[in-house]
1. Give me the net charge of Thr151's neighbourhood, meaning all other residues with Cβ under 12 Å from the Cβ of Thr151; Lys, Arg count +1, Asp, Glu -1.
2. I'd like to compare 51-57, 144-150, 133-139, 163-169: which one has the highest average count of other Cβ atoms within 10 Å, and what's the full order after that?
3. Within the stretch 24-64, list the GluC sites (Glu not before Pro) lying in a DSSP loop whose Cβ has at most 13 other Cβ atoms in a 10 Å radius.
4. Give me the extension gain from Glu86 to Glu26: residue separation times 0.36 nm, minus the current Cα-Cα distance, reported in nm with one decimal.
5. What angle, in degrees between 0 and 90 and rounded to the nearest 10, separates the Cα long axis of helix 30-40 from the longest principal axis of the Cα atoms of the chain?
6. When a/c reaches 1.5 or more, the comparison of a/b and b/c decides; with that in mind, is the stretch 70-169 rounded, prolate or oblate per its Cα gyration tensor?
7. Determine the relative contact order of the stretch 3-171: mean sequence separation of Cα pairs under 8 Å and six or more apart, normalised by residue count, in whole percent.
8. Divide by every residue of the chain the summed helix terms, -39500 (n - 2.57) for each DSSP H run of at least 4, and state the resulting mean residue ellipticity at 222 nm, rounded to the nearest 500 deg cm²/dmol.
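No lab work stands behind these numbers, since they all come straight from the coordinates. What you see is a predicted model; the values in this text were computed from it and never measured. Neighbour counts run over all protein chains shown; Cβ positions are idealised from the backbone, glycine included.
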Amino acid sequence: MGTAGLVLAAGGGRRYGMPKALVAYEGMLLVDRAAETLRTADVTQSLVVLGAQAPAVIEQAAELPPSVVNPDWASGLGSSLRVGLEALTATPAEAVVVLLVDMPRVTAEAVRRVTAFAAEDALVMGGYGTRRGHPVLLGRRHWPGVIATATGDRGARDYLRAHADQVRVVPVDDVADDFDLDVRP
């Protein structure tokens, strides 16, 4: 069955001034960096959710995995998470690990640590000291609930809070950083 990887890369980057999928960071587009992180972490398959300037991302990305376009990308990452999970329901994946395109310092090792707990009923988050963050792993049994509750820019946050007693937090702060590239440096 395996674990799928999902990159949410649809946003227009309103605060940044351009879609973050098209931002070069340390010599590589952010969307390529996230896809490479998943490849290196050996997930079973990867899917990228695109939206703003999707044709340009497809044209400029070096080795983009299969992608889907979220026509409602402007409503926030919740809709992209829904689109990605709905697309993955047609696969045999037992879980999905989610990466945000604008978090370039989440490493393959952090993904491997989180996916080590993959199961159909798993909910796993990366731990950064007292903070919880990405990567986030959602077991297949939770996908319908996440799809039903993911709205705006909240993604799976409300679902994870409602199921906090089931969430495993795996420390990753020694191998990753939860730096979020929100505005231009």
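1. Overall, the nearby charge balance is 0.
2. 133-139, 51-57, 144-150, 163-169
3. Glu26, Glu63
4. 18.4 nm
5. The angle comes out near 40 degrees.
6. Taking the square roots of the gyration eigenvalues as a ≥ b ≥ c, the stretch 70-169 is rounded.
7. 24 percent
8. That comes out to -7500 deg cm²/dmol.
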